[in-house]
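Contents: one structure, followed by commentary.
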There are 2 protein chains.
Amino acid sequence: MQLHDMNIDAFQARLASGEAKPLDWWQACRERIEARESEVQAWEFLSPEVGHAPAEGALRGVPVGVKDIIDTCDMPTAWGTGGYMTSDGSLVDAAVVTLLQQQGALVLGKTVSTEFAYFTPGKTRNPHDTSRTPGGSSSGSAAAVADGMVPLALGTQTAGSIIRPASYCGIYGYKPTFDTVSTAGIKPFAPSLDTLGWFARHIEDICTTFSTLTRAPAIEALPDLTGIRVGVCSLPGNEALNADVTQALRQAQERFEKVGASVVVLPFDARFDDLVEHQKVVMAYEASQSLASEYQHHAQQMGPKLVELIQQGLALSYARYREAQRATTELRQLLSRRFDVDVDVILAASAQGVAPIGLGATGDPLFCRAWTLLGVPCLNLPISQGEQGLPVGVQLIGDRYDDDRLLSIARTLMRAQTG
Amino acid sequence: MQLHDMNIDAFQARLASGEAKPLDWWQACRERIEARESEVQAWEFLSPEVGHAPAEGALRGVPVGVKDIIDTCDMPTAWGTGGYMTSDGSLVDAAVVTLLQQQGALVLGKTVSTEFAYFTPGKTRNPHDTSRTPGGSSSGSAAAVADGMVPLALGTQTAGSIIRPASYCGIYGYKPTFDTVSTAGIKPFAPSLDTLGWFARHIEDICTTFSTLTRAPAIEALPDLTGIRVGVCSLPGNEALNADVTQALRQAQERFEKVGASVVVLPFDARFDDLVEHQKVVMAYEASQSLASEYQHHAQQMGPKLVELIQQGLALSYARYREAQRATTELRQLLSRRFDVDVDVILAASAQGVAPIGLGATGDPLFCRAWTLLGVPCLNLPISQGEQGLPVGVQLIGDRYDDDRLLSIARTLMRAQTG
């Protein structure tokens, strides 16, 4: 039985027809991990046993990887600290872990995170080229999904920690509208920004997971995208786009136009240029509060980049923080009006190029900062290849709470081409 | 040394002059608790020892009570469950606990919370009349401060869990702008709503705590309130206001007018009437996610009201949740425009009347739901007395991120009268 290319709905159909058993996918994933983990190093901890076979649920028998900043009661959590802070197991699982398990999902283990989901990398390598970073902070989740070790894995994004690794690893990565799925049991970094999301190799699985976690109706593909307006815009950092990303954006535009959508240039208010700086302010100020206890007790063991961020945060005034929050509120309204009037989705770069060489850094979240601050849903589409055949993604962005429309458009786009 | 009426700044002055020693206030609080705890029952756990005397900080030597849904590493946390879920101590303190301790505050113990900060009451009684509820969910914090057991205590508000008990107990209770102080290490209930705040007997201490936690400049009183416009409005439930609350609102208006402010009637958009229902939807939907693990493992031990809320949440559609969130976004903008154009602060009821008789319920958060959903800062002013001389408060509401202005106006108002 070939499970590598299976999607969740197809597996459910096989279970229903008796062609597959509930633990088949779990077993196939364990075998893949056995064969590949020494190369990829995506896992912080592997669950020693599967427990009993799930009897029902929309995710029955679906193996899932859980980022190691997410609490689990029967597995340790180390928050990417490499061991200077470790819990043998929390009193209760994070809410999302229970929600997935209630639908029959099987937690395969904890995936490598950067230190407290900031910049200090873990051990994980990019499965497309093990000399390159998989991106961060959800490094292990992205690499494990990309390598076929697991069909679904949880990540979080505070700056660019889902979209960037998804782009570098050539898979789908989804950050829903802020606060769509509860972060209860997930280590806070910057509570105004921290968003739970997930990775998959199939757009259908991104959609199924969204519907399952939110109890929203299933996301259906549209007949075509006639009448859909795709906005492209010039945002800070775009001048740094390399040829690979420019090509990926052009390919995405062409693909949209082939299925009836129109591409419109969205002139952006000059104030949007400040969003990247505002995101940095909110992130540093809130992290310096949220990690106060960790910094108090473990500053000596922390990576220098995290220490630098916390110190930046401690040096920020409340007035500057407030200025950033107020500007964000205004720009959210402006953007929302754009979605009401001008466009259905926005197409933008996910990262500056293919995954950088080296494991000492995880790449730059520049292109994600503004969208995360705005709280809008973002989806990486693994749409192109750049230098040396390495993956390059683009992100599709929707209006807040318009996740179902964004996912429906993405599903139509990606299946129209390959179907 | 009479510490019962001391405020934080005055104690710091005494420390500086050598009139007081760093552990004096702690000792006085312990004595008060010794004398009164059997009556009031505000504490879930008392710290066995003070540790070393603090050497510095804006809160040097200030005893503080910590609501028992807030993590502490050297004291147990039971989240108001009465023991069916208990932690002997977390790996790290909640962020706010460390932030207070870094400023020299002394954590006296954990104060009684309702079950997971929802409606099932703990053992605490109202110190003004022990046959009455202190309100909830921050029951122990409000009662302990009101009874002089501690000058400062932490609470949280998801519906009305700071403002209502502050009103019932006759003290100041402050809920700052949403997300102003990190909730890292605090049990999530409804992450879009959960807000950390605090109680004190002196408006100065509310202000000092705000400045200390946010690193904002000190809140100064104004010479008078000339030119300040105080909005009064008709909101859902106002028809249920009893005579005590009507009188408290009138007294507050008169007090404002005496110091130069003008009171203006604020006609509210009809859509504001829906905010109470929207708050209930957001709270139930998010709680049914956030407490998924607790519900999975402890449903049999949970109070019936909490089970009912979670089941309501599980029955809600994503579409209804999204409708509530979208409407809230719009109404936040409308309210913000009101603050820009029409008023400086809004004056409104804190609760339906004095603390109800009985310990089986904690009163109704009706008048707080809309403001919590809007994310605006709210301050209970202990301004009046109702039947049998029991306290009745009113709340003063400011624009989002305009906390310093709200507190400055409140400080001027309350001191102009008594000074």
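Each reported figure results from applying straightforward, stated rules to the coordinates on display, with no laboratory input. Remember, it's a predicted structure, so these values are computed and weren't measured experimentally. Note that we place each Cβ from the backbone using ideal geometry, even for glycine, and neighbour counts take in every protein chain shown.
A few points about this structure:
- Between this copy and the others, label points of A:Ala16 are 7.4 nm apart in ascending order, each placed 7 angstrom from Cα in the Cβ direction.
- Percent of beta bridges antiparallel (DSSP, chain B, rounded to nearest 5): 65 percent
- Prolate/oblate/rounded label for the protein assembly as shown (Cα gyration tensor, a/c 1.5): prolate
- Note on chain A: GNM, Cα springs under 10 Å; of A:Leu91, A:Leu291, A:Leu46, the largest mean-square fluctuation is that of A:Leu91.
- Pairs from A:Lys187/A:Lys258; A:Lys110/B:Lys187; A:Lys123/A:Lys175; B:Lys175/B:Lys305; A:Lys280/B:Lys305 whose Cα-Cα separation, in the structure shown, is over 31 Å: A:Lys187/A:Lys258; A:Lys280/B:Lys305
- Under a model in which nothing but the beta-carbon of Lys, Arg (+1) and Asp, Glu (-1) is charged, the protein assembly as shown shows a dipole of about 560 debye around its Cα centre.
- Label points for B:Ser262 are taken 7 Å from Cα along Cα→Cβ. From this copy to the others they lie 5.1 nm apart, shortest first.
- Over all other residues within a Cβ to Cβ distance under 9 Å of B:Phe116, the charged ones net out to -1, with Lys and Arg as +1 and Asp and Glu as -1.
- Chain A's nearest residue to the axis relating it to B, judged by Cβ and reported with the distance in whole Å, is A:Gln333, 3.
- Once the C-beta distance of B:Ser262 and A:Ala243 is scaled by a Förster radius of 51 Å, the resulting FRET efficiency is 0.20 to the nearest 0.05.
- Summary for B:Ala361: label point 7 Å along Cα→Cβ; distances to the equivalent points in the other copies, ascending, 6.1 nm.
- Rounded is the label for the range A:8-214. Its Cα gyration tensor axes, ordered a ≥ b ≥ c, give a/c under 1.5.
- Averaged over peptide A:181-192, the number of partner chain Cβ atoms lying within 10 Å of each residue's Cβ comes to 6.
- Counted over the range A:8-214, the DSSP beta bridges are approximately 65% antiparallel.
- Note on chain B: GNM, Cα springs under 10 Å; of B:Thr86, B:Thr111, B:Thr195, the largest mean-square fluctuation is that of B:Thr86.
- Estimated from helices alone, the mean residue ellipticity of chain B at 222 nm is -12000 deg cm²/dmol (sum of -39500 (n - 2.57) over DSSP H runs with n ≥ 4, per residue).
- Rg [Å, one decimal], Dmax [Å, integer] - chain B, C-alpha atoms: 20.1, 62
- Part-to-part distance (alpha-carbon centres) for the range B:117-159 and the range B:176-199, which is given in Å: 17 Å
- Scaling against 2.2 N^0.38 Å puts the C-alpha radius of gyration of the range B:53-171 at 1.02.
- Reported to the nearest whole Å, the Cα centre-to-centre distance from the range B:284-328 to the range B:36-56 is 34.
- For chain A, built as a Gaussian network whose Cα springs stay under 10 Å, the top-fluctuating residue of A:Asn242, A:Asn126, A:Asn380: A:Asn242
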